[in-house]
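Step one of this worksheet: look at the structure below.
The values are calculated or read from the model by the stated rules, or taken from the named source; none is laboratory data. As the structure is a prediction and not an experimental result, all values here were calculated from the model. So basically every Cβ, Gly included, is an ideal-geometry build from the backbone, and we count neighbours across all protein chains shown.
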Amino acid sequence: MIEFLAEYGLFLLKVVTIVVAIIIVISTAAAASKKATQEGLEVEQLNDKYRRIAGALRSAVMKKGERKKEAKEEKRRQKTEEKGDSRPRGFVIDFKGDLKASAVPSLREEVTAVLDVATSDDQVIVRLENHGGIVHEHGLAASQLARIRDRYIPLLVCVDKVAASGGYLMACVASKIYAAPFAILGSIGVIAQIPNFNRLLDSHGVDFEQITAGKYKRTVTMFGKNTDEDRDKLKQELEDVHVLFKSAVSKYRVDLDLDKVATGEHWYGTQALELGLADEIRTSDELLLELAESRDLYHLSYKIKQPLQKRLMSNVDSAIEKLDAAGWRRRFESRLPKSPWN
């Protein structure tokens, strides 16, 4: 009887485990499906948005007579704008980067849309947040922004938090770079980090076979035994990429002292300004509110509907990104002065 109960309990535990696993999968799929959006370009008039926000606060603090007067003045102002000459425009694009620069498909559509209507009197403002990542992915992202510069349309990049490594490769394309006081810029360098499990496999009697055609088809590996020649070849490849990186930066920021800043280091906004990595200390909010006084601002966002499988996999990428961001945060915090009370 005791054995029966033990076996039944074990069976019941397995059933519960399977049911819980199924519930988790269904919940994750449902959450991912909610994120699905219709593919296409969304446009928001920022001038109207700013007026609505300010108007909501004024309405809350004004007396009844003042609110009526404000409403009349607002209607009069709108009629004046409708009758007046058209103003130059500003097109606002957000780019939040990750290791694989997965926002590039949206960026290329947004840039294409802008280039269809923008003139040299207009401006494109990119609010950029990017820690960097894979070289060719971020190179393509920078090339999308270069399309704007090639059409002689002023390109402004705002860095409120970080534009480092591949992120700075994108930022440097701008006609002008704005940075918040504690935004992080720079990290003009290249890195490769590869774990090696060869000794672990060897200790368990596992052989790793790798067959290639071409002397340098594969050099440093995760599972094979690496040689000094392999490491030297990888080092040379990284140096070559670094040269390309510096060349791309110097193309758009000709006065930058690359010997001083292309060391792989990063700097905060005010330091970046002194080094020439940024042109002005200002947040994106300050800039857009100022531009709204003389321009019609439009925020563009191209939504791409992803298949369910890709949305599920994005959760894994998101977790990796959080770990990567945590690594950046630890590096930055290590440079801050320690409090005497700690």
Which numbered condition M62 fails, given (1) at pLDDT 95 or above; (2) in contact with an Asp or Glu (Cβ under 7 Å, 6 or more places away or on another chain); (3) not acidic (D, E); (4) not assigned by TED's automatic domain parsing to the domain that holds A180: (1)
Long-range neighbours under 8 Å by Cβ, at least six apart or interchain, first residue exposed (fewer than 15 other Cβ atoms within 10 Å of the Cβ) within the range 182-208, second in a helix (DSSP H, G or I): F182/G269; I191/L238; A192/L234; A192/L238; D207/L201; F208/N198; F208/L201
Hey, E286 touching a residue at least 60 places away in the same chain (Cβ under 8 Å), within 30 Å of D48 (Cα to Cα) and not assigned by TED's automatic domain parsing to the domain that holds F208 or not: no
Any helices (runs of 4 or more DSSP H) falling wholly within the range 126-236 and containing at least 1 residues that are within 15 Å of the chain's Cα centre (by Cα): 135-150, 166-171
Candidate set: the range 107-128, residues that are surrounded by 17 or more Cβ atoms within 10 Å (Cβ to Cβ) and acidic (D, E); chosen: the one farthest from I191 (Cα to Cα): D122
Some residue of the range 131-138 being under 23 Å from V43 (Cα atoms) and either modelled with pLDDT of 95 or more or surrounded by 15 or more Cβ atoms within 10 Å (Cβ to Cβ) (or both): no
K235 being surrounded by 12 or more Cβ atoms within 10 Å (Cβ to Cβ), charged (D, E, K, R) and either touching a helix residue (DSSP H, G or I) at 6+ places or on another chain (Cβ under 7 Å) or at pLDDT below 95 (or both): yes
Residues satisfying the stated conditions in the range 164-192, i.e. more than 23 Å from Y152 (Cα to Cα) and among the hydroxyl-bearing types (S, T, Y): S165, S187
